[in-house]
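The next block holds one structure in the form of structure tokens; read it before the comments.
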Amino acid sequence: MKFEQLCLVSLTLFIHVASTTTPPFSCDSSDPTTKNYPFCQSTLPVTQRARDLVSRLTLDEKISQLVNSAPAIPRLGIPAYEWWSEALHGVSNVGPGIKFDGTIKAATSFPQVILAAASFDAYQWYRIGQAIGREARAIYNAGEAKGLTFWAPNINIFRDPRWGRGQETPGEDPLVAGKYAASYIRGLQGDTFEGGKLGQHLQASACCKHFTAYDLDNWKGMNRFVFDARVTVQDLADTYQPPFEKCVREGGGSCMMCAYNRVNGVPSCADPNLLSKTVRGEWDFK
């Protein structure tokens, strides 16, 4: 099947299921109690709405949201949200967000990322992301997905062929990986190939992973939860960081997944130098 045909199938799926079932969403207009909350006022800036919502959460409610399967907060009219869905080369049933156990039984599966990257065709990467994003949104609109966040693209540098997940990545070159990231993200999130916004809302949310210096899952008794990647400052800047920087600055990625491992002794998910100083400060991640 040609790519144009795949896109047509994707669009047809979108049109067919978009209005069949209403997906869960906050600030339900049928619930009169929610309209009084500032976080439900769509005319207010997003930062103001988010600040208002967080201010209303109890400590226990905040803690409950720090996992991928975030539970509902009924008193505020907030439904449950599943952050874990996969779409590395097509919407997948890996992860609890989508299971294909309803009306929709499957989605388009594109070539593995390392093969698609070998084409060196950035526009093709964009169109693949675009088709995946449309199908993702269609499945969600049909009420058969628990979230719109997809843990893709995987833009870790593939240096060692013994890492079994290297096929998920664009390969060993930071420039190619960065270009792939920006192109795929723009397509999946619903932006133009050049990076312009097509609308105010995300088609779906791309989550770049795994930040940073991650390329070991389980090897000779060493697993990713305890591995400490020792990386020089130069290698970090020249090799591992460029794809993630392009994810944020050029792709407009709306999500960043920190890595399971430590980097130079500090857990990636608790490293203020990486998460606050670099990503939010230097790269202006929102």
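The values are calculated or read from the model by the stated rules, or taken from the named source; none is laboratory data. All values derive from a computational prediction rather than experimental measurement. Heads up, the Cβs are rebuilt from the backbone with ideal geometry, glycines too, and the neighbour counts pull from every protein chain shown. SASA here: full protein model, heavy atoms, side chains in, ligands and nucleic acids out. Shrake-Rupley method; radii C 1.70, N 1.55, O 1.52, S 1.80 Å.
Only one of the numbered conditions (1) surrounded by 17 or more Cβ atoms within 10 Å (Cβ to Cβ); (2) in contact with a Lys or Arg (Cβ under 6 Å, 6 or more places away or on another chain) is violated by Ile98, and that is (2).
The residues listed here are Gly143, Gly133, Gly171; of these, the one that is open to solvent by 20 Å² or more (accessible area, probe 1.4 Å) and either out of contact with any helix residue (DSSP H, G or I) (no Cβ under 7 Å at 6 or more places or on another chain) or not aliphatic (A, V, I, L, M) (or both) is Gly143. Considering only residues that are modelled with pLDDT under 95 and either in a helix (DSSP H, G or I) or closer than 25 Å to Lys146 by Cβ (or both), which ones fall in the range 200-216? Selection gives Gln200, His201, Leu202. Number of residues in the range 151-188 that are under 24 Å from Leu202 (Cα atoms) and of a type in the set (Lys, Arg) equals 2.
Checked against the criteria, Ala87 does not count as open to solvent by 50 Å² or more (accessible area, probe 1.4 Å) and assigned by the TED database to the domain that holds Ala206. Sub-7 Å Cβ pairs linking a first residue in the range 164-186 that is in the same structural domain as Asp235 (by the TED database) to a second residue that is among the basic types (Lys, Arg) and assigned to a loop (DSSP other than H, G, I, E, B), at least 6 apart or interchain, are Glu172/Arg159, ordered by first then second residue. Taking each residue of the range 89-109 that is closer than 19 Å to Ile128 by Cα and looking for partners that are crowded, with 19+ Cβ neighbours inside 10 Å and among the aromatic types (Phe, Trp, Tyr) with beta-carbon atoms closer than 6 Å, six or more apart or interchain, yields His89/Phe110; Gly90/Phe110.
Checking each residue in the range 217-241 for being closer than 30 Å to Tyr81 by Cβ and part of a strand (DSSP E or B) picks out Asn218, Asn223.
Based on this model, can you work out whether Phe227 counts as under 30 Å from Arg137 (Cα atoms), among the aromatic types (Phe, Trp, Tyr) and either open to solvent by less than 70 Å² (accessible area, probe 1.4 Å) or not assigned by the TED database to the domain that holds Cys255 (or both)?
no
Pairing each residue of the range 57-70 that is under 22 Å from Gly95 (Cα atoms) and outside the structural domain of Pro96 (by the TED database) with any residue that is of a type in the set (Gly, Ala, Ser) and in a helix (DSSP H, G or I), provided the two are 6+ apart or on different chains, yields C-beta distances under 9 Å for Ala70/Ser64. Every residue in the range 238-266 that is surrounded by 13 or more Cβ atoms within 10 Å (Cβ to Cβ) and of a type in the set (Gly, Ala, Ser), please. Across the range 238-266, the qualifying residues are Gly251, Gly252, Gly253, Ser254, Ala259.
A quick yes/no check of all residues on (1) under 24 Å from Asn68 (Cβ atoms); (2) of a type outside the set (D, E, K, R); (3) in contact with a strand residue (DSSP E or B) (Cβ under 8 Å, 6 or more places away or on another chain):
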{"position": "Tyr180", "(1), (2), (3)": "no, yes, no"}
{"position": "Gly190", "(1), (2), (3)": "yes, yes, no"}
{"position": "Ala213", "(1), (2), (3)": "yes, yes, yes"}
{"position": "Ala229", "(1), (2), (3)": "yes, yes, yes"}
{"position": "Ser254", "(1), (2), (3)": "yes, yes, yes"}
{"position": "Met257", "(1), (2), (3)": "yes, yes, yes"}
{"position": "Gly265", "(1), (2), (3)": "no, yes, yes"}
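The set of residues in the range 142-199 that are of a type in the set (S, T, N, Q) and part of a strand (DSSP E or B) comprises Thr149, Asn154.
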